[in-house]
Amino acid sequence: MFFGIIALAISVFQGDGAQQVAAATVVPTFPNTSIITVMSLIGGVGGPTGILAYSFWIREKSWRSPNWKPVVRLDLVISYGLVFVFAVAMSAVGAFILYGQGFTIADNDSLFAIADSLVSRIGDVGRMVFLISFLAVVYTTVLGGFSGIAYVTADCLRVLRRYPHQDEARFDMSAKSVEFRGALVYLSVATLVIMGLGKPVTLVLVYAAISAFILPVLALALLVILNRGSVPTGLRNTKWSNLLLTVCLALFGFLAILQVKESVMGFIG
């Protein structure tokens, strides 16, 4: 996925008129009040589930002691760096392949039409790279989303079922647990049912409305938990951490309300 999109971005920058299209799209524009919509999408579908699920992923890797804190920081720096490069490359691909040629993706046929149009620019190999990269983007999105939601759901069920003994080693959270696998089955079946009804937008609206609350709830939880006296001094929030978390709580709490309002209007409309 990563190298495929990077290769496509490099290839499209070499075409005729690339500089003109880049100049027209390098500065983002927000017609009317769309800036609020964009910001609410960051809180709703901009990766909050992945941020929340990250704690489960590092537990699966047994990065649990304070000694692993530098490793986690390095891991996050590399991850966000790669995401930044990928996002820029994806924006370039969208600007030159979609915006630059007047294409829109409405269904699978549109996707193949775009791929066919690339043959004259980057050849048959480029066409295959585009299709495989697009498949990888969709696949990893579904894989990461399902994994994150399954972890969070399964852990909630685990705590409720085994409280107050949920922190014992024998009840530790795992991808092999019955709760996790059950959550995956539920997500798969529910998605197929909604897709079968011919209204996939409903799934997007539900997901956006629910996940919009993840960032403000997560910020509140970190403010409460990481300021406790029982937390080792070296692991507590600094004043800057508390300031940023407070800003995050206020901003994304407000945007969560807007996202839920937009989702409800989508249902009504």
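Brief remarks on what is shown
- Within the shell defined by Cβ-Cβ distances under 15 Å, the residues around Met128 carry a net charge of 0, with Lys and Arg each +1 and Asp and Glu each -1.
- Neighbours of Val93 by Cβ distance under 15 Å: Lys/Arg scored +1, Asp/Glu scored -1, total +2.
- What region 110-190 shows is 60 Å² of accessible area per residue, with the surface traced by a 1.4 Å probe over protein heavy atoms.
The values are calculated or read from the model by the stated rules, or taken from the named source; none is laboratory data. Owing to the predicted nature of the structure, the values given are computational and were not obtained by experimental measurement. For neighbour counting, all protein chains shown are included, and Cβ atoms are generated from backbone atoms with ideal geometry for every residue, glycine included. Keep in mind that these areas ignore ligands, DNA and RNA; they rest on the heavy atoms of the full protein, side chains included. Shrake-Rupley method; radii C 1.70, N 1.55, O 1.52, S 1.80 Å.
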